[in-house]
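Below: one structure, written as structure tokens.
Values in this text are rule-based calculations from the coordinates and carry no lab data. Predicted model only: the values in this text are computed from it and were never measured. Please note: Cβ atoms are built from the backbone with ideal geometry, for glycine as well, and neighbour counts cover all protein chains shown.
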Amino acid sequence: MKSASASSRKPEVRSQRARVLRWKAIFCVLTSGFCLLASGCIRSDPPADLTILNGAEPETLDPALLTGQPEFRVVIGLFEGLMQLDPNTARPIPGLAGSFEISPDGRVYTFHLRTNLVWSTGGPITADDVVYSWIRALNPATASDYAGQLFYLKNGEDFNAGKIKDPLLVGVHAPDKFTVRVELNRPTPFFLDICALPITYAVPRQTIEKYGDRWIMARPLPSSGPYELVYWRLNDKIRLKKNPRYWDAAHTQSDIIDLLPVGSPSAALNLYMNGQADIVWDKELVPTELVDLLLKRPDFHQFNYLATYFIRFNVTQKPFDDPRVRQALALAIDKERIVRKITRAGEQPASHLVPEGTANYLPVQGLGYDPARARKLLAEAGYPDGKGFPQFEYTFNAAAGGAAEIHQNIAIELQQMWRDQLGIHMDLRQLEWKVYLSAMDHLDYNLARSSWIGDYNDPQTFLGMFTSNDGNNRTGWKSAAYDTLITGANEQTDLKKREQIFQSAETMLVSNQVPIVPLFFYVGINYFDTNKIQGIYENILDDHPLQCIRKVSPKSTAQGPN
Amino acid sequence: MYFIRRLIFAIPLLLVISALAFWLVHIAPGGPFDRERAPASPEIERNLEAKYHLNEPIWKQYLRYLDGLVHGDFGPSLKYRNHTVNDIIAQGLPVSMTLGSLAFCFALGIGLPLGFFTAARRGRWEDYTGSFLATLAVCVPGFVLAPFLIVVFAIKLKWLPVALWESPAQAILPMIALGAYSAGKVARLFREGMLNAMQSEFITAARAKGLGENRLLFKHAVRIAVLPVVSYSGPMLADLLTGSFIIENIFQIPGIGVFLINGALNRDYTVVVGLALLYAVLLIALNLVVDFAYTWLDPRVKYE
């Protein structure tokens, strides 16, 4: 009995031991497998000459499709248009076109291409390539968001809308290999600026026709700019290397540039402080809670930026259909307090929409801070001391990172100012970004936080927005007089007269009718050590051509004078 | 037979999930092409909608999507227009899976010994300390733990990099930050399991037969005590493998977690539905594996 049980238990114990061993073996195999996996998936590269933290992950690198600054700051290295941006001023200077002529009526531009233009993969860049690129951007099948930037061309809008099918009717032609002739609907003083925008950049026809929407992923990717795309790893890194066939390659300063998408300001700051990044050039990558401290450092640079923060009124609803009510609310805002207490990055309070420093324009002064006059206007409108004023809402968006906090704090501040100065009560309504946009489009709001970044350096990009049928109006405010002024300004070839017309339009917008209240002008902030990095200049568009930027080691600066 | 049946049931389940995800993301206000700047003409918007068939009725869009899916095509991303959802998964998933696997190993590697140890020393100070640590790991959220780890180990001590995903050293902090919660959870589950197992009748019987305490713990109690951990580890692995928005964002890791959250915020319809399906497939598969592991570990469990 006893021996039987012992003999029957032994194999069981053995099998248990075997099981435990099997467990251990499986665990070891798994662990080592994962470790191998880890070392395999994590990659290493030769170091770059420059590492730039570039803000959000680019949505696209297709010049015809891009809409945002992080995209533009990469694409500016890969492709080039007839004009390019001066790194100092961000004004247009000759790019693929070495020279150009403008007809006296300002409606015909003739560009002469340089004769030494070659794609990075070989083969000449011709006038036909430029025409192809423009027509492609306008083609409805390309579905470009910013096709509107080419609506200045004759028949550009109709071709994009599918009303005209023949691309030959569009106002861009190549009479010969080196000439691009452009016909415009009306004189457009900022058209050269447009010719430096990505939508006009020369893109490779054969690659696009072969690969379709994913053509950017083709390798090698023919580029017309100073850099070639080595790789683009989503949310990880974009690596560029110098294009030796670029017409001005002799002046390209850095051979390899890495651009990293970074979503979190604290990660950006940590990477920079630990020396893993040379340049951080997105204001969103400055932690808002530290901004006033950081701006005291010599490697943090703050400058004027072509962008305005403002409030929209929905003028289709009572009581905001009355301009006096809108003026009263505008006059009761202490904007100085908002920039000093909340934004804290050295922003300037704004009484007008077009930022200081905009080309072809000297802005007009709008409404300042005058609570007494505000109360008087509100009383005239029928709400003495705010009595009988209906409750209303201020709509603002939730945003990523620090911006959300700023929007919220401004909302609270406004709520308090209007309660204290005017005796009116406002509720706050925070919406997720897309819901907010949809509410704006449907005029489903009373007051809404807004902002606008200029597309190009001209008052038209700000003032054109509030014409009656512009999709960006979003206030319900329609004024035939205003529309006439804007159209008149854009027919004008005399820049001085044009400026005066724009000034009367802006006065109407910010002093008399007030469908919007400008709060402050944004500033741009980037950070890099000026002793180590050269070739980035402060300009109002905050655009920095990549080929001008270089890292100088202490050694090479020492050698400089020799 | 049972497992084959489960696999067959998974197909209608995935269909329901995809339809639901598709419908929910489409009825949310705002669309993928709503931007702060409205296009210059209504035709531009129409061109965009036509290109991505958003102008069709939703059932037709869904059928089109299913047709693509059958051919292994998750469709183009509406936000990242040069990329397809397949591109996004192909680039992001291996990274998230690597980090997730590491975090899974970390969770088991820390959680199981800690649970065992605290159970074996029940009621003594070692138990209290260990249990406190486990509870702490469960309570502290990733967005607190991750910056804390970065400040201590990357900025003050300079032992490890602050972020990015290029060398194995860069995987350590995110692995801990991602795995800590699961490690704590595993420790607590395993401790509970051990204590329960130690009170069960077959252990009393074994003890009565004169088996040593260590042998009881290692050979008999463990197999039963590990069961709650096993059933938890299926969903846990699925969760870890599909990436975490917070951890990937803080450590700048190019994984898939960021895309799921941003996809929803951006109304990137195809990305949201594609990743929801991916997550569902992983969850179903891993739950199957868990059930399979049960039959292997616990002879009392049988599936018919």
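Of all aspartates and glutamates in the structure, those lying under 13 Å Cα to Cα from B:LYS302, and not within fewer than 8 positions of it along the same chain, are B:ASP291. Each Cα pair under 8 Å and six or more residues apart adds its sequence gap; the mean of these over the residue count of segment B:4-141 is a relative contact order of 10 percent. Once you reduce segment A:494-515 and segment A:365-412 to the center of their Cα atoms, the two points are 24 Å from each other. In order along segment A:370-385, the Karplus-derived 3J(HN,Hα) couplings, from 6.51 cos²θ - 1.76 cosθ + 1.60 at θ = phi - 60°, round to 8, x, 5, 5, 4, 5, 5, 5, 5, 5, 4, 6, x, 10, x, 6 Hz, and Gly and Pro are given as x. Computed from the C-alpha gyration tensor, the three semi-axes of the ellipsoid equivalent to chain B are 44, 26, 13 Å, from longest to shortest.
Listed cross-link partners A:LYS434/A:LYS551; A:LYS154/B:LYS51; A:LYS283/B:LYS51; A:LYS341/B:LYS79; A:LYS163/A:LYS496 are compared with a 32 Å cut-off, the Cα-Cα value being larger for A:LYS434/A:LYS551; A:LYS283/B:LYS51; A:LYS341/B:LYS79; A:LYS163/A:LYS496. Translational diffusion coefficient of segment A:216-258 (Stokes-Einstein, Kirkwood radius from Cα pairs, 10 °C, 1.306 mPa s): 147 µm²/s. How much net charge surrounds A:GLU413 when only the other residues with a Cβ under 9 Å from the Cβ of A:GLU413 are counted, with Lys and Arg +1 and Asp and Glu -1? Charge balance near A:GLU413 sits at +1. Of the peptides B:63-74, B:16-27, B:81-92, the ranking by mean beta-carbon count within 10 Å, highest at the top, reads B:81-92, B:16-27, B:63-74.
With no solvent and one equal point scatterer per Cα, compute the Debye intensity ratio I(q)/I(0) for segment B:260-304 at 0.21, 0.23 Å⁻¹ and report its log10, rounded to two decimals. Debye curve over Cα of segment B:260-304, log10 I(q)/I(0) at q = 0.21, 0.23 Å⁻¹: -0.68, -0.74.
Whole Å is fine, so just give me how far the alpha carbon centre of segment A:305-338 lies from that of segment A:248-282. Comparing the Cα centres of segment A:305-338 and segment A:248-282, I get a distance of 39 Å. For chain B, a Gaussian network of Cα nodes joined below 10 Å ranks B:PHE106, B:PHE218, B:PHE190 by mean-square fluctuation, and the top entry is B:PHE218.
Based on the Stokes-Einstein relation at 25 °C and a viscosity of 0.890 mPa s, and on the Kirkwood radius from alpha carbon pairs, segment A:237-291 is assigned a translational diffusion coefficient of 188 µm²/s. For chain B, modelled as a GNM whose springs connect Cα atoms under 10 angstrom apart, the maximal fluctuation among B:ASN55, B:ASN249, B:ASN287 occurs at B:ASN55.
The mean number of Cβ atoms from other chains found within 10 Å of a Cβ in peptide B:83-95 is 3, as a whole number. Here's the picture: charge each Lys and Arg Cβ at +1 and each Asp and Glu Cβ at -1 in segment A:192-258, and of A:TYR227, A:TYR246, A:ILE208 the one pushed furthest to the positive end of that dipole is A:ILE208. Separation of segment B:1-61 from segment B:73-97 is 16 Å, based on Cα centroids. Proximity of backbone amide H atoms, modeled 1.01 Å from N, is registered between A:VAL552 and A:ILE533, A:GLN534 at under 5 Å, excluding neighbours fewer than 5 places apart on the same chain.
Dipole orientation for the protein assembly as shown: of the candidates B:SER200, A:GLN317, A:ALA379, B:SER200 has the Cα lying most toward the positive pole (charges on Cβ; Lys, Arg +1; Asp, Glu -1). Considering only B:PRO12, B:GLY31, B:PHE74, and ranking their Cα positions along the charge dipole of segment B:1-140 that arises from unit charges at the beta-carbon of Lys, Arg, Asp and Glu, the one farthest toward the positive end is B:PRO12. Put simply, when A:177-190, A:79-92, A:476-489 are sorted by average Cβ atoms within 10 angstrom per residue, most first, you get A:79-92, A:177-190, A:476-489. Placing +1 on the Cβ of every Lys and Arg and -1 on the Cβ of every Asp and Glu, with nothing else charged, gives chain A a dipole about its Cα centre of roughly 2640 debye.
Sorting the segments A:275-286, A:122-133, A:98-109 by their residues' average number of neighbouring beta-carbon atoms within 10 angstrom, most packed first, yields A:275-286, A:122-133, A:98-109.
Taking θ as phi - 60° and the Karplus parameters 6.51, -1.76 and 1.60, the scalar couplings of segment B:202-209 work out to 5, 6, 4, 4, 5, 5, 4, 6 Hz in sequence order, x denoting glycine and proline.
How high is the relative contact order of chain A? Use alpha-carbon pairs under 8 Å, at least six apart in sequence, and give a whole percent.
18
Within 10 Å of the Cβ of each residue in B:26-38, the mean number of Cβ atoms contributed by other protein chains is 6. Based on DSSP H segments of at least four residues, each scored -39500 (n - 2.57), chain A has a per-residue ellipticity at 222 nm of -9500 deg cm²/dmol.
In debye to the nearest 20, how big a dipole does segment A:332-450 give about its Cα centre with +1 on each Lys and Arg Cβ and -1 on each Asp and Glu Cβ? Don't skip to the answer; put the middle values down first.
On the way: 13 positive and 15 negative charges, 48 e Å.
Charge dipole, segment A:332-450, about its Cα centre: 240 debye, nearest 20.
Electrostatic bookkeeping for A:TYR527 treats Lys and Arg as +1 and Asp and Glu as -1; over the other residues with beta carbon under 9 Å from its beta carbon, the sum is -1. Highest mobility in the GNM of chain B, judged by mean-square fluctuation with C-alpha springs under 10 Å and restricted to B:ALA205, B:ALA180, B:ALA221, is found for B:ALA205. Taken residue by residue and averaged, Cβ atoms of other chains lying within 10 Å of the Cβ of B:155-164 number 4.
According to the square roots a ≥ b ≥ c of the eigenvalues of the Cα gyration tensor, what is the shape class of chain A, taking rounded for a/c under 1.5, prolate for a/b larger than b/c otherwise, and oblate for the remainder? In terms of gyration-tensor shape, oblate.
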